[in-house]
1. For the pair Asn33 and Cys73, what calculated FRET efficiency results from E = 1/(1 + (r/R0)^6), where r is the Cβ-Cβ distance and R0 = 25 Å, to the nearest 0.05?
2. Ranked from highest to lowest mean number of other Cβ atoms within 10 Å per residue, what is the order of the peptides 61-70, 80-89, 22-31?
3. Order these by the 10 Å Cβ neighbour count, fewest first: Met118, Met58.
4. Sum up the charges of everything whose Cβ sits under 12 Å from the Cβ of Ile41, counting Lys and Arg as +1 and Asp and Glu as -1, but leave Ile41 out.
Amino acid sequence: MRTPLQRFWAKVAIDPETGCWLWQGASCPQPTNPANRYGYISVGTGRSMLVHRFACEMFRGPIADGLTIDHLCRTTLCANPGHLEPVPHLVNVQRGLLQKHPVTVAAAERYCVRGHWMGETNTYTDGRARTRCRECHAQRMRRFRQRTTRDCAELPAREAAEATA
């Protein structure tokens, strides 16, 4: 029976141009972008793990709790430990291809997506432990109250029209 490291080397092809160790084995789509795929490898007794994490642990040592692996080469099937760096999730997202996504840009600059400053006085934590903008919440509530007030004001007129019809 082959070891996980032997199975790893049997499924890796080295790209001479980029230096990426491209995984040729089993893979699954990235949840937010199915065009990107992540490789995974069986590590014994029905257990599998992402191949880039396996390579990082085998060649660089254990990955600290709370860190994700950033592909510096931006190739999700790459398992070259020289192209991988353990970083906090937020750093990984900010470095990613979605750098221009409004939420990522806003998080980095501490403004909400509508341009309000996200200082201590203008934020609150909702029931799902997400930081929210107080100004945006106030605007949403004003729009909601306007809609419900308008609908309630129209209700007696609508009932009277139905009664006379």
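1. The formula returns an efficiency of 0.95 here.
2. Output ranking for 61-70, 80-89, 22-31: 80-89, 22-31, 61-70.
3. In order of increasing Cβ crowding within 10 Å: Met58, Met118.
4. On the way: positive: Arg2, Arg7, Lys11, Arg47, Arg53; negative: Glu57.
With Lys, Arg at +1 and Asp, Glu at -1, the net is +4.
We did not get these values from a lab; they are worked out from the coordinates using the rules stated. Bear in mind that the values here come from a model prediction, so they are computed numbers and not experimental data. Every residue, glycine among them, receives a Cβ derived from its backbone with ideal geometry; neighbour counts consider all protein chains shown.
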